[in-house]
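Working notes for the structure below.
The values are calculated or read from the model by the stated rules, or taken from the named source; none is laboratory data. Predicted, not measured: the structure shown is a model, and the values here were computed from it. Cβ: placed from backbone, ideal geometry, glycine included. Neighbour counts: every protein chain shown.
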């Protein structure tokens, strides 16, 4: 087990992402952040807080993708997690999806489907804390906290103080 | 809940709340123009109805379709099926068709459990009403409706006072609701003439009253059951008028309820017998919400049963 | 044919040799060696069991049982006499039908089959059958019963009770008030309320028992109550006997062991008429059988084909097979629980029923000069019930998979060995297992 990001590094990475979102979209007037539960939702809130300091208040919500997963049959049924779309909606907005780890890309594929149920944004962007590679779909992130090369058998654990009591990212060796 | 939903007893309180929570999340997605969710794509849900019940069948059908399941409606009315043997034959046909879930409505108590236990099929079985036994999805949608009207309840219904009025003896809705509401902590009172109360009610963890007016004073939820007029022919009560006077919800009784109280009915209603038209249409009535919540609950149940890895049940001959 | 049973254990514990000749016990002693030798290996020798309540289904429902297959099941269960209930198709309500059943029993030759005659024509409950003709037929019918249905008309019941006095007959009543059991599916109580199955109240049975006891007293006739199932019924019979009324009562093995909570999974193998009752009823029945309030055990062996049980509860047939498990279930319920000893079991399952029915060659103590209707039981054996090894044509046993005590090893019918080492040995019969 190796810690690849500590609390300070996570904070700086998220702050940098907030700056990049602001720059890339020429301000935040049309931006909506949607975190993918569980940890993406907390990251979305944190980025929104940073954006608030940098550029002003930005609508933030959550988007559960469980019903759109393509691996439902591989595991026992999962409880649905909250979907909270900001009252401003997503129609015509620049939606930034926020997740903790980008791996195969299947979660994001499901998120794009779930988003399609709700409305038609002007653009959809992706922010992740960690990109560990091994994509199985043509998906890339617009904002990356840290690229961490891994082997497929390793796993990446993101801990956030909101539910895990501390901030850190670790790599665990495969079985 | 394991592989089947046959009785409320198949659910722990946590699992029941999980279903209500899932339905809540689904309701947020369903607000506005609802597209199909891909969740159960490629799965086959069979509605096997041995009794007519258009509203229940449609509710399950739209739930399954919203989750992109393939739906087959199989109607086999009791009249054409004199021997239970045909339940077995029908089940084996469904097995051959590759059903993943069978939603069964049957006039015989225990038919759903027989289907599940018999080894005739490997599909998940959902009880959509079996004789005078249970109707678990009705109880779940009722609990969901109650919670939506009393949002403080969340996962614990203690403090909630519920009265269920009418033909308890023959009501599968009452049995499932008693099991679920008491499991969630609510205090339940059954109100009916003694002829319509089962002898085993002592074991039900409920209060029983023969007097409507004294028993409903402080209830939060008043659940009226359908009373079938053939019960009168069997002398369960002397006349419709006498029943209505003693146990019907007329406008005076409606007005005597607490301001915050709600009135429920599983439908179809006998207006003028167990409930007056004014009561059925009053602002306290949540009958229409019950209907629309039915789809959400059935989606949630289908998701819980079919939304994960397939169970590997052995099928015996 | 002469036989000597070596090393038989008598009820008093003595180990003896028993010599059999011409259908009788010729001698009891030691060092006997005449004829064919069967070593009982110190297993228990008792008079052959007698059942007053057997459904053999022939004529009419040979798909579920025949007189021959039912006789084989009886012999395997240690019975040397069984009584074929009248609810066949056609109903055994004429001399012709009872003689046919009697003849089929003789042909099978595995146990004595005594037909029971219907009380009313076609079991319809409104007109007496020709009881005298059946009594005077070759079958010599003495027990009359509409079993499966209750003789619910009190006047007709009174007439029947009176009428059979002319030939010392007895009416065996299936006590079930029909108006209280319309559509009934199981015992009315906690379990039926939970399962939503229409209840079958104890009072439906007890009301008829009470009425018929009083009728029997009034007309001075013999009354037999079939398959008692309720604590209240036991009390009523106790009351009647204390009053000197000529009433006898019967309990089935399954009502001594099983309770209504078994219905909880809706498996129709537990569907039976009268229904399984509660634990307190079972306790009262056991006590009543032990103290003699209940005179006999009757199997109510009720075979049904698979399709009549392989369905939802409501559509399923009522009944359980019981001949092959009866002795073991009574041992489990009554002897293993120390409520009864083997002598009392023999009284309840052989001596008393033979006496009630007047089966003179059955139910005799094992003694010199008695008829050689005998069975030998391994009282220390345990066996697991497997429905596929039953000799009965039907497999609807509620004891499937259960481990039961006591195994019937050998059965003699009128001096002939029909069951050896738990296998039917009479040629051409009973090869189904």
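In table form, for the structure just shown:
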quantity	calculated
The one condition in (1) under 28 Å from residue C:207 (Cβ atoms); (2) within 14 Å of chain B (Cβ to nearest Cβ); (3) at pLDDT 95 or above that residue C:282 fails to fulfil	(2)
Flag for residue B:20 being in a helix (DSSP H, G or I), under 21 Å from the mean Cα position of the chain (by Cα), within 19 Å of residue A:82 (Cβ to Cβ) and more than 9 Å from chain A (Cβ to nearest Cβ)	yes
Residue match in segment A:133-150 (condition: within 22 Å of residue A:58 (Cβ to Cβ) and either within 14 Å of chain B (Cβ to nearest Cβ) or over 17 Å from the mean Cα position of the chain (by Cα) (or both))	no
All positions within segment B:193-217 that are farther than 9 Å from residue B:163 by Cα and in a loop (DSSP other than H, G, I, E, B)	B:193, B:197, B:198, B:204, B:205, B:206, B:210, B:211, B:217
Matching residues, segment C:293-311, being within 14 Å of chain B (Cβ to nearest Cβ) and part of a loop (DSSP other than H, G, I, E, B)	C:304, C:305, C:309, C:310, C:311
Among residues of segment B:125-138, those that are more than 20 Å from residue B:54 (Cβ to Cβ) and more than 8 Å from chain C (Cβ to nearest Cβ), counted	1
The one condition in (1) closer than 16 Å to residue B:274 by Cα; (2) within 11 Å of chain C (Cβ to nearest Cβ); (3) buried (at least 24 other Cβ atoms within 10 Å of the Cβ) that residue B:170 fails to fulfil	(3)
Any strands (runs of 3 or more DSSP E) falling wholly within segment A:107-175 and containing at least 1 residues that are within 20 Å of residue A:64 (Cα to Cα)	A:123-131, A:155-159
Filter result for residue B:162 (in a strand (DSSP E or B), in contact with a strand residue (DSSP E or B) (Cβ under 7 Å, 6 or more places away or on another chain), over 26 Å from residue B:94 (Cβ atoms) and touching a residue at least 60 places away in the same chain (Cβ under 8 Å))	yes
Residues being within 7 Å of chain C (Cβ to nearest Cβ), in a helix (DSSP H, G or I) and under 17 Å from residue B:176 (Cβ atoms) - total across segment B:103-124	2
Scope segment B:83-99; condition touching a helix residue (DSSP H, G or I) at 6+ places or on another chain (Cβ under 8 Å) and either at the interface with chain C (Cβ under 9 Å from one of its Cβ atoms) or at pLDDT 95 or above (or both); matching residues	B:83, B:84, B:85, B:87
All positions within segment C:1-23 that are at pLDDT 95 or above, surrounded by fewer than 16 Cβ atoms within 10 Å (Cβ to Cβ) and either in a strand (DSSP E or B) or touching a helix residue (DSSP H, G or I) at 6+ places or on another chain (Cβ under 8 Å) (or both)	C:15
Any hit, segment C:397-406, residues being more than 30 Å from residue C:293 (Cβ to Cβ) and outside any helix (DSSP H, G or I)	yes
Top-ranked residue of segment C:317-350 - restricted to ones that are over 19 Å from residue C:390 (Cα atoms) and within 13 Å of the chain's Cα centre (by Cα), ranked as surrounded by the most Cβ atoms within 10 Å (Cβ to Cβ)	C:350
Selected residue (only one of A:91, A:29 is surrounded by fewer than 19 Cβ atoms within 10 Å (Cβ to Cβ) and either away from chain B (no Cβ under 14 Å) or under 22 Å from residue A:156 (Cα atoms) (or both))	A:29
Looking only at segment C:273-287, and only at residues there that are within 16 Å of the chain's Cα centre (by Cα) and over 12 Å from residue C:257 (Cβ atoms), the one that is surrounded by the most Cβ atoms within 10 Å (Cβ to Cβ)	C:274
Options B:169, B:180: the member that is assigned to a helix (DSSP H, G or I), out of contact with any strand residue (DSSP E or B) (no Cβ under 6 Å at 6 or more places or on another chain) and not assigned by TED's automatic domain parsing to the domain that holds residue B:20	B:180
Test set (1) within 14 Å of chain B (Cβ to nearest Cβ); (2) in contact with a helix residue (DSSP H, G or I) (Cβ under 6 Å, 6 or more places away or on another chain); (3) not in a loop (DSSP other than H, G, I, E, B) - residue C:314 fails condition number	(2)
Residue within segment B:23-35 that is surrounded by fewer than 16 Cβ atoms within 10 Å (Cβ to Cβ), modelled with pLDDT under 95 and in contact with a helix residue (DSSP H, G or I) (Cβ under 6 Å, 6 or more places away or on another chain) present	yes
Subset of segment A:64-77 [within 21 Å of residue B:17 (Cα to Cα) and more than 7 Å from chain B (Cβ to nearest Cβ)]	A:65, A:66
Candidates C:82, C:20, filtered to the one that is farther than 23 Å from residue C:327 by Cα and in contact with a strand residue (DSSP E or B) (Cβ under 9 Å, 6 or more places away or on another chain)	C:20
Qualifying position, being in contact with a helix residue (DSSP H, G or I) (Cβ under 6 Å, 6 or more places away or on another chain), buried (at least 22 other Cβ atoms within 10 Å of the Cβ) and closer than 26 Å to residue A:110 by Cα, among A:78, A:46	A:46
Residue match in segment C:142-152 (condition: more than 22 Å from residue C:249 (Cβ to Cβ) and out of contact with any helix residue (DSSP H, G or I) (no Cβ under 6 Å at 6 or more places or on another chain))	no
Residue selected from segment C:196-236 under the condition buried (at least 20 other Cβ atoms within 10 Å of the Cβ) and within 14 Å of chain B (Cβ to nearest Cβ), by the criterion farthest from residue C:292 (Cα to Cα)	C:196
Selected residue (criterion: farthest from residue B:130 (Cα to Cα)) from residues of segment B:57-75 that are part of a helix (DSSP H, G or I) and in contact with a helix residue (DSSP H, G or I) (Cβ under 8 Å, 6 or more places away or on another chain)	B:66
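Matching residues to (1) modelled with pLDDT of 95 or more; (2) surrounded by fewer than 18 Cβ atoms within 10 Å (Cβ to Cβ):
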position: C:311; (1), (2): no, no
position: C:353; (1), (2): yes, no
position: C:357; (1), (2): yes, no
position: C:365; (1), (2): yes, yes
position: C:374; (1), (2): yes, no
position: C:379; (1), (2): yes, yes
position: C:383; (1), (2): yes, yes
